Amino acid sequence: MQNRLKDRIALVTGASSGIGEATALELARLGARVAIAARRRERLESLAGQLAELGAKPLVLVADLGDEAEAQRIVHETERHFGRLDILVNNAGVMYLEPIAEADLGRWRRMLELNVLGLIAATQAALAGMRARRDGHIVNISSTAGRIANPNAGGYAATKFGVVAFSESLRREVYKDNIRVSVIEPGAVATELREHIGHAATKDALNAWADSMRQLQSQDVAEAIAFCVSRPAHVSINEVLMRPTDQER
Ligand code: NDP
């Protein structure tokens, strides 16, 4: 297992915490060289120190990925720095939950721009190089909220259903170019994600729900992503739906 990703170049977005951070480390443990992107420079620099110890020769990319030009820039910078990009993990995301009638559409627009448009822009930027080399893997992080739409999650579910739909269209457009596409749909994971919910009642209810179960850890999701991208070239794992054992819906 140790060298499964030797000589592979990966870019992980949203790597300054949670699932992205764990994924960058897991890919590095398998031998990949890793570029990491997010807004918080200090968190990325600290992760880069750990990645360097694993021999991943990290590239730190500070970027606001709600801006599609920035999402494209980080892909091109990775390609310039390492010579190519083999594995793109589109993980950066936010979750703003509130009833539709009270929704702050400015916040929902920023969520759509990051969770959907930023992911699309980074993917689009990566395709040219992957197609030219007939090699590449794009991993998109959706959610159980991309399969089941709950009350107070209208905007977030719209983004995550969108990621699932986009991923399937993408797969069907690029499979003949030997490019693989995987969409990951985790249930509750213990990360900072819920801290940014502005609607107090929804935040309290969701935290209570998550605290009632043995949540997934970021490492559990990172291992699923690592499994997808370390299969032999003829194996394309298109979808991973994973929940805490204790989670019903
Ligand atoms: P975290 O809040 O820990 O991580 C989110 C990451 O996204 C951070 O690195 C953050 O970095 C980055 N990010 C947020 N806004 C931006 C931005 N504008 N530009 C660039 N980066 C940004 O949460 P998770 O690890 O849980 O979330 C990762 C993904 O997993 C998300 O797509 C989320 O929807 C999905 N997910 C999470 C689940 C959960 O229960 N936790 C369940 C299912 C899916 P920074 O603030 O430094 O920019």
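The values are calculated or read from the model by the stated rules, or taken from the named source; none is laboratory data. Computed from a prediction, not measured in an experiment: that's the story for all the values here. For neighbour counting, all protein chains shown are included, and Cβ atoms are generated from backbone atoms with ideal geometry for every residue, glycine included. Side chains included, ligands, DNA and RNA excluded: accessible areas come from the protein's heavy atoms. Shrake-Rupley method; radii C 1.70, N 1.55, O 1.52, S 1.80 Å.
Assorted remarks:
- Selection of the range 211-249 for residues being open to solvent by less than 60 Å² (accessible area, probe 1.4 Å), hydrophobic (A, V, I, L, M, F, W, C), out of contact with any Pro (no Cβ under 9 Å at 6 or more places or on another chain) and outside any loop (DSSP other than H, G, I, E, B) yields Ala222, Ile225, Ala226, Cys228, Val229.
- Matching residues in the range 33-46 - criterion: being within 27 Å of Leu112 (Cβ to Cβ) and without any contact (Cβ under 8 Å) to a residue 40 or more places away in the chain: Ile36, Arg39, Arg40, Arg41, Arg43, Leu44
Listed here are the residues, each with its yes/no results for (1) more than 9 Å from the ligand (Cβ to nearest atom); (2) over 20 Å from Val181 (Cα atoms); (3) modelled with pLDDT under 95.
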{"site": "Ala35", "(1), (2), (3)": "yes, no, no"}
{"site": "Leu44", "(1), (2), (3)": "no, yes, no"}
{"site": "Gln72", "(1), (2), (3)": "yes, no, no"}
{"site": "Asn90", "(1), (2), (3)": "no, no, no"}
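- Pairs where the first residue, in the range 61-83, is more than 14 Å from Ile36 (Cα to Cα) and acidic (Asp, Glu) and the second is within 13 Å of the ligand (Cβ to nearest atom) and open to solvent by less than 50 Å² (accessible area, probe 1.4 Å), C-beta under 7 Å, 6+ apart: Glu68/Gly118; Glu68/Ala121
- Number of the exception - His196 against (1) closer than 17 Å to Ile141 by Cβ; (2) at pLDDT 95 or above; (3) open to solvent by 20 Å² or more (accessible area, probe 1.4 Å); (4) within 11 Å of the ligand (Cβ to nearest atom): (2)
- Extreme residue, most open to solvent (accessible area, probe 1.4 Å), among residues of the range 57-70 that are more than 9 Å from the ligand (Cβ to nearest atom) and assigned to a helix (DSSP H, G or I): Glu68
- The residues of the range 145-161 that are assigned to a helix (DSSP H, G or I) and buried (at least 19 other Cβ atoms within 10 Å of the Cβ), listed by number, are Ala145, Gly146, Gly155, Tyr156, Ala157, Thr159, Lys160.
- Among the candidates Leu27, Leu54, Leu11, the residue that is open to solvent by 50 Å² or more (accessible area, probe 1.4 Å) and of a type in the set (A, V, I, L, M, F, W, C) is uniquely Leu54.
- Complete set of residues in the range 30-51 that are open to solvent by 10 Å² or more (accessible area, probe 1.4 Å), touching a Ser or Thr at 6+ places or on another chain (Cβ under 6 Å) and either of a type in the set (S, T, N, Q) or assigned to a helix (DSSP H, G or I) (or both): Arg43
- The set of residues in the range 162-189 that are part of a helix (DSSP H, G or I), open to solvent by less than 40 Å² (accessible area, probe 1.4 Å) and more than 14 Å from the ligand (Cβ to nearest atom) comprises Leu170, Val174, Asp177.
- The lone exception for Ala103 - which of (1) farther than 19 Å from Val229 by Cα; (2) free of Cβ contacts under 8 Å to residues at least 60 places away in the same chain; (3) away from the ligand (no atom under 16 Å from the Cβ); (4) open to solvent by 30 Å² or more (accessible area, probe 1.4 Å) it fails: (4)
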